[in-house]
1. Roughly to the nearest percent, how much of the accessible area of the chain is carbon and sulfur, given a 1.4 Å probe?
2. Between Met1 and Gln42, what FRET efficiency follows from the Cβ-Cβ distance if R0 is 30 Å, with the result rounded to 0.05?
3. Relative to the Cα centre, what is the charge dipole magnitude of the chain, using +1 at the beta carbon of each Lys and Arg, -1 at the beta carbon of each Asp and Glu, and rounding to the nearest 20 debye?
4. With a probe of 1.4 Å, find how much accessible area the chain has per residue, and write the answer as a whole number in Å².
5. One-quarter of the Cα convex hull surface for the chain, in nm²?
6. What list of ³J(HN,Hα) couplings, whole Hz, do you get for region 28-43 from phi and the Karplus terms 6.51, -1.76, 1.60, once you set θ to phi - 60° and write x for glycine and proline?
7. What do you reckon, how do Arg26, Arg17 stack up by accessible area (1.4 Å probe), largest on top?
Amino acid sequence: MNIETQLRQLRLHGMGRSWQALMETRKHHELSFTEGMEMLLQAEEDDRSWILRFE
């Protein structure tokens, strides 16, 4: 099972979109593990806060 599938199954849609963008732009090679994790977590937090505004 790949990462995108796992993120989708876990309903981490913000992380999934951010991960996909990182893979498409090949930027994941430029980030440390910590930087990458922070980026994914921020994307998920942004996605969830955006959704909550419209509920």
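The values are calculated or read from the model by the stated rules, or taken from the named source; none is laboratory data. The model shown is predicted, which means the values in this text are computed figures rather than measured ones. Quick reminder, even Gly has a Cβ in these numbers, built from the backbone with ideal geometry, and neighbours come from all protein chains shown. These accessible areas exclude ligands, DNA and RNA; they are computed on the full protein's heavy atoms, side chains included. Shrake-Rupley method; radii C 1.70, N 1.55, O 1.52, S 1.80 Å.
1. The computed percentage sits at 55.
2. Computed FRET efficiency for Met1 and Gln42: 0.75.
3. 180 debye
4. For the chain, the per-residue accessible area is 83 Å².
5. Its average projected convex-hull area is 4.1 nm².
6. 4, 6, 8, 9, 6, 4, 4, 4, x, 5, 4, 5, 5, 5, 5, 4
7. The residues order as Arg26, Arg17, largest area first.
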